[in-house]
Amino acid sequence: MEIDPTAVSLRPFRISDADDFLSFAGDDRVTRFLRWKTLASREEALATIRDVCIPHPWRRAVCVGDRCVGFVSIWPGSGNDRCRADIGYCVAREWWGKGVATRAVRMALSQVFGDFPDVLRIQAFVGVDNKASQRVLEKAGFTRDGLLRKYAYLKGNLQDLYLYSFLSTDVVPAD
Ligand SMILES: CC(C)(COP(=O)(O)OP(=O)(O)OC[C@H]1O[C@@H](n2cnc3c(N)ncnc32)[C@H](O)[C@@H]1OP(=O)(O)O)[C@@H](O)C(=O)NCCC(=O)NCCS
């Protein structure tokens, strides 16, 4: 069943998110589609929040209530690539299928063009097997630009990836 969309919010990471962070960043079912290695301990979770999540240009904890159940990140390009940014996200396994990621991506889209005025395009690279992530992007209003054959290695396996994009002039679909 879909969650009440107003229960989902984005906020900066806090050190106190370490246990919640480990519950998804330590889960192979979540990290299999991410470049991250699966975290193995609370200490690794703490260090990742402190050294990666908090200093990140735009990484938000995805929260249900005040509990962190995932993340959404935007990486803006620089120089001649400053017109675009890459998006990435994940949600803890127990929350899958309730609309949390779609809500989080929509909220990110409604904020980032204001936060990064040079960015006109948000793009996502998604494995051809990652049907849930493709569906999230489609529900959030992204367009599939094309298929990138044998584009990158993920966890040692060479992947075909779909490239999706959302422009600042695209409209975030209503809930
Ligand atoms: C991808 C991910 C973020 C989706 O999170 P979520 O909160 O479950 O997403 P939502 O509930 O908003 O939407 C998921 C959609 O995918 C659909 N879906 C899930 N598994 C599917 C499958 N195997 N085939 C087709 N559709 C699928 C769901 O039915 C839902 O669509 P619907 O609302 O039309 O029914 C989550 O699965 C995850 O964290 N995966 C691991 C990390 C990851 O893949 N990140 C993205 C890297 S590009």
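The values are calculated or read from the model by the stated rules, or taken from the named source; none is laboratory data. In this text the structure is predicted, and so the values were computed from the model without any measurement. Note: ideal-geometry Cβ built from the backbone for every residue, glycine included; neighbour counts use all protein chains shown. All accessible areas refer to the heavy atoms of the entire protein, side chains included, with ligands and DNA or RNA removed. Shrake-Rupley method; radii C 1.70, N 1.55, O 1.52, S 1.80 Å.
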Q.
Take the residues in segment 152-175 that are in a loop (DSSP other than H, G, I, E, B) and touching a helix residue (DSSP H, G or I) at 6+ places or on another chain (Cβ under 6 Å); name whichever of them is most open to solvent (accessible area, probe 1.4 Å).
A. Asp175
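From the list Asp129, Asp170, Asp175, exactly one residue is charged (D, E, K, R) and away from the ligand (no atom under 12 Å from the Cβ). Which is it? Outline the logic, then answer.
Numbers: Asp129 fails: away from the ligand (no atom under 12 Å from the Cβ); Asp175 fails: away from the ligand (no atom under 12 Å from the Cβ).
Answer to the check: Asp170.
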Q) Filter segment 122-151 for residues that are within 15 Å of the chain's Cα centre (by Cα) and in a strand (DSSP E or B); which is farthest from Met107 (Cα to Cα)? A) Gly127
Q: Being open to solvent by less than 20 Å² (accessible area, probe 1.4 Å), over 18 Å from Ala101 (Cβ atoms) and at pLDDT 95 or above narrows it down to one of Ala18, Ala47, Ala25, so name that one.
A: Ala18
